[in-house]
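Here's the structure, in structure tokens; my notes come after.
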Amino acid sequence: MSGTPISTIRNLGPAFEKSLQAAGIPDAESLRAIGAHEAYRRLLKNGERPHFIGYYVLHMGLQGRPWNDCKGAEKDALRVQFDTLKAETGAAPLAGLEKILNEIGVIERPKPRP
């Protein structure tokens, strides 16, 4: 028997759910148990490119808050955590146009590596 679908968590849709499942997080209960930071670490280790908006959307979703509720000092603190996580995992930074698209939140997430 599988648990509650990840996509039932606020802000998290089917594409994010598939990425998390590919990274070994099968359901909402598992995601809540490990938390947003560890879940994002697993996404990066599974080949996802770092994307700050995805990082804070995950945090907001697990708190039951809208994704755009992340502002000010809270957003700044999450940015520090995100940058540290990228450095720890060796996640490839975005460059050029991809970096700009990432900053404004319109870059398409790459497919997970097999």
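The values are calculated or read from the model by the stated rules, or taken from the named source; none is laboratory data. Because the structure is a prediction, the values reported are computed rather than measured. Surface accessibility is based on the protein's heavy atoms, side chains included, excluding ligands, DNA and RNA. Shrake-Rupley method; radii C 1.70, N 1.55, O 1.52, S 1.80 Å.
Some observations on this one:
- In this structure Val57 has an accessible area near 20 Å², from a 1.4 Å probe over the protein heavy atoms.
- Accessible area in the full protein assembly, largest first, 1.4 Å probe, for Ser19, Ser7: Ser7, Ser19
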